[in-house]
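As structure tokens, the structure follows; a few thoughts come after it.
The values are calculated or read from the model by the stated rules, or taken from the named source; none is laboratory data. Please read these numbers as outputs of a predicted model, since none were measured by experiment. No Cβ is skipped: glycine too gets one built from the backbone with ideal geometry, and neighbour counts run over all protein chains shown.
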Amino acid sequence: MSALADLAKGLARGKIKVVDLTETLAPEFPSISLPPEMGQAWPFRIEEVSRYDERGPAWYWNNFSCGEHTGTHFDAPIHWVSGKDLPNNAVDSIAPERFIGPAFVVDCSKQARKDPDFLLTRPFLVKWEKTHGRISPRSWVLMRTDWSKKSDDPVAYQNYDETGQHTPGPDTDAVRFLVEERDILGFGTESIGTDAGQAYHLRPPYPCHYYMHGAGRYGLQCLKNLDQLPPTGAVVVAAPLKIKNGSGSPLRVLALVESK
Amino acid sequence: MLERPKRKNPVLRTRLPTLPPAARSRVALGLTAAAALGRFELQQCRDCGTVQYPPREACQKCLSVRLDWKPQPQTGDLLSDTVLHHSNDLFFRERLPWRLGLVKLDCGPTVVAHLHERVAQAAGKVTVAAKLDRAGQAVMVALPPKEIDMAEDRQLREFTCDPKFRKVLVTDGKTATGQALVKALADAGADLIWVGHAEPWKKFAGFDELKAIKRVTLLPLDVTDSKNVRELAAEVGGKVDILVNNAEHHRAYGISNRSGVDAARAEMDVNYFGLLRLAQEFGPAMRGRGADGLASATAWVNVLSIYALANFPSHGTFSASKAAAHSLSQCLRAELRPAGVRVINIFPGPLDDEWNQLLPPPKVAPAALANAVLKALREGVEDVYPGDVAQEWLARWRDNPKALEKELST
């Protein structure tokens, strides 16, 4: 098949670059916080099994633990109550071709720099399409905010104050537009949720989770290096771990980008 | 008054810890058991009333074997005093000269006691107490009749773990209890206080006040993260003289009113495995510094709970995690003993915090807990039960643990 041969050739010759959109899994990476009386996702933790020592003289390996929603991770429709009864709604039952799709990268970095509570709106997307073309069906829409550049500083990355978290995300209309009028595969962000930090106060609360998963679409969060992607033309590969009936999983997100 | 010790010359060898004689007969451990709680008890004959010392199997007067450990008045007369200039015992050899005396207790027996420097030459009135020495065994000390600070005395400082001039790590500064502890330690003259706070992205109430205390350094510390604990121990572990582990996870659940094991696991991860991680990473350096001069490694404090003794079913999984931590603390005590580092366990009744919101008072206020910890460090006790609830439970538990279990289960 010539397309795959071309792909392999492009990769070998450096015509196609692979951009890693993934944060490193490490214990100090911030984890999602819920009110303390609720159930909590485990943060990433790692313990040595052995390191060429009395526990295993010639080998080094670790045990790690984390929640399904830790680090750079994938949200399946079953994660939200609105998607609970859909067919093929868990990470193990989603058709694998749906993990790969073209990426449309919407640059909101200027707006997010000025306003950590920036909400991506439908008019913003419509205007973006005028410049970059229509968002095609079965594609990943990635909201570039450069928020990931704060990920070395957990305080800035989480950005809490007395009213909770302040991070950018989409508003309700933008999400409905992408799902209902553009038929996208899923939505990705650089912050710790696909929804904005203050999205609890939107209607419905957490609209990206509600509508995206309610329509059988996916979420990607804690992405990085979105500034290395062109607005259109990249292909994203985002295959979660095959956890039985899993609601999501940490994963390695790769983007294939053609050099000019 | 003790003078501030000189800064340590970091290229000199650190002296290895030695211990005073530690062997005791089983009956003699009765004195230690009381001293561990800060009590002064001697055997008293149930038949003729004679107070006994040293501890023995049968009454020295009537040979009755019915000897009970009973609180005794602590007053006496110093009959004679002497200064030891030679000893074949390694511990005392390194600490000579050493002052001792014979005290005739008002309750009867005459005892050999370590003397506070302010105790005037014989004869005169003194107060006698049984204190744990660095081997963790009770010894008699004689103090001036007026209340006086043991830690200000070169000899008796060996029996205390006073924070003055010492460097302390408090593992959780995010709670009101943690903040009260830090404040009390700073007021007590601690040289330096490292204060851990987990999830550093969440600013907590009291953060700015903590930061404003001179000698306080805030450090990210999450006792559920082995890497974090290991790295912090590598950074500061060689200087920690007193470690106060107050990191705690507490949810008010039994077995049936919370599905799943997540809350219970989080309690175990902080309360039990957190202690284990800290002990594995900070223990070795503290063991190596048990005799490091006036500001040696000296104490490890665990804030446990009175629920460690008997399960309080409405906080059942928390109780279990504290019981596990209590058991592990006994292991830690055994392992730190050779270095003369004392493990002090605090068993408070319910703390006045958000997780005990629905429990009626009396609850232990943060400052009261901090005072109890300070008192334990200064007075050299091992087990402390702050608060009315803890005191009452302790009495009931000592009297009949099965009865307490039945009482708590109704």
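Some notes on this structure:
- Failed item in (1) under 23 Å from residue A:88 (Cα atoms); (2) among the basic types (Lys, Arg); (3) surrounded by fewer than 19 Cβ atoms within 10 Å (Cβ to Cβ), with residue A:217 passing the rest: (3)
- Residues that are within 8 Å of chain B (Cβ to nearest Cβ) and either exposed (fewer than 12 other Cβ atoms within 10 Å of the Cβ) or closer than 25 Å to residue A:153 by Cα (or both) within segment A:38-55 comprise A:40, A:43, A:45, A:46, A:47, listed in sequence order.
- Some residue of segment A:188-202 being surrounded by fewer than 16 Cβ atoms within 10 Å (Cβ to Cβ) and not acidic (Asp, Glu): yes
- Which numbered condition residue B:163 misses (of (1) closer than 19 Å to residue B:34 by Cα; (2) touching a Gly at 6+ places or on another chain (Cβ under 7 Å)): (1)
- Picking from residues in segment B:207-253 that are part of a loop (DSSP other than H, G, I, E, B) and closer than 18 Å to residue B:192 by Cβ, the one that is nearest to the other protein chains (Cβ to nearest Cβ) is B:221.
- Where strands (runs of 3 or more DSSP E) fall wholly inside segment A:42-86, the ranges with 1 or more residues that are aliphatic (A, V, I, L, M) and farther than 30 Å from residue A:190 by Cα are A:45-53, A:56-65.
- Enumeration of residues in segment A:177-187 that are surrounded by fewer than 24 Cβ atoms within 10 Å (Cβ to Cβ), under 18 Å from the mean Cα position of the chain (by Cα) and not in a loop (DSSP other than H, G, I, E, B): A:179
- Boolean, residue B:274 is assigned by TED's automatic domain parsing to the domain that holds residue B:199 and out of contact with any Lys or Arg (no Cβ under 9 Å at 6 or more places or on another chain): yes
- Selected residue [out of contact with any Lys or Arg (no Cβ under 8 Å at 6 or more places or on another chain) and at pLDDT below 95] from A:93, A:2, A:82: A:2
- Any hit, segment A:74-94, residues being within 14 Å of chain B (Cβ to nearest Cβ), surrounded by 12 or more Cβ atoms within 10 Å (Cβ to Cβ) and not aliphatic (A, V, I, L, M): no
- Residue count, segment B:299-330 (criterion: within 18 Å of residue B:274 (Cα to Cα) and part of a loop (DSSP other than H, G, I, E, B)): 2
- Flag if residue A:232 is among the polar types (S, T, N, Q) and crowded, with 24+ Cβ neighbours inside 10 Å: no
- Across segment B:259-281, a minimum of one residue is classified as within 26 Å of the chain's Cα centre (by Cα) and surrounded by fewer than 16 Cβ atoms within 10 Å (Cβ to Cβ).
- Qualifying residue in segment B:190-206 (condition: more than 30 Å from residue A:157 (Cα to Cα), away from every other protein chain (no Cβ under 14 Å) and part of a loop (DSSP other than H, G, I, E, B)): yes
- Any hit, segment B:203-213, residues being β-branched (Val, Ile, Thr), in contact with a helix residue (DSSP H, G or I) (Cβ under 8 Å, 6 or more places away or on another chain) and over 15 Å from residue B:243 (Cα atoms): yes
- Only residues that are over 30 Å from residue B:14 (Cα atoms), in contact with a Phe, Trp or Tyr (Cβ under 8 Å, 6 or more places away or on another chain) and crowded, with 18+ Cβ neighbours inside 10 Å were counted across segment B:203-248, and they come to 1.
- From the options B:198, B:151, B:184, residue that is closer than 26 Å to residue B:285 by Cα and in contact with a Lys or Arg (Cβ under 6 Å, 6 or more places away or on another chain): B:151
- For the residues B:369, B:358, the requirement of being over 19 Å from residue B:310 (Cα atoms), assigned by TED's automatic domain parsing to the domain that holds residue B:250, touching a residue at least 24 places away in the same chain (Cβ under 8 Å) and in a loop (DSSP other than H, G, I, E, B) singles out B:358.
- Residue in segment A:159-176 that is nearest to the chain's Cα centre (by Cα), counting only those that are away from every other protein chain (no Cβ under 14 Å) and in a loop (DSSP other than H, G, I, E, B): A:168
- Residue match in segment A:183-203 (condition: among the hydroxyl-bearing types (Ser, Thr, Tyr), touching a residue at least 40 places away in the same chain (Cβ under 8 Å) and away from chain B (no Cβ under 14 Å)): yes
- Of residues in segment A:56-71 being small (Gly, Ala, Ser) and more than 11 Å from chain B (Cβ to nearest Cβ), the one surrounded by the most Cβ atoms within 10 Å (Cβ to Cβ): A:71
- Any hit, segment A:21-29, residues being buried (at least 19 other Cβ atoms within 10 Å of the Cβ), within 12 Å of chain B (Cβ to nearest Cβ) and within 30 Å of residue B:315 (Cβ to Cβ): no
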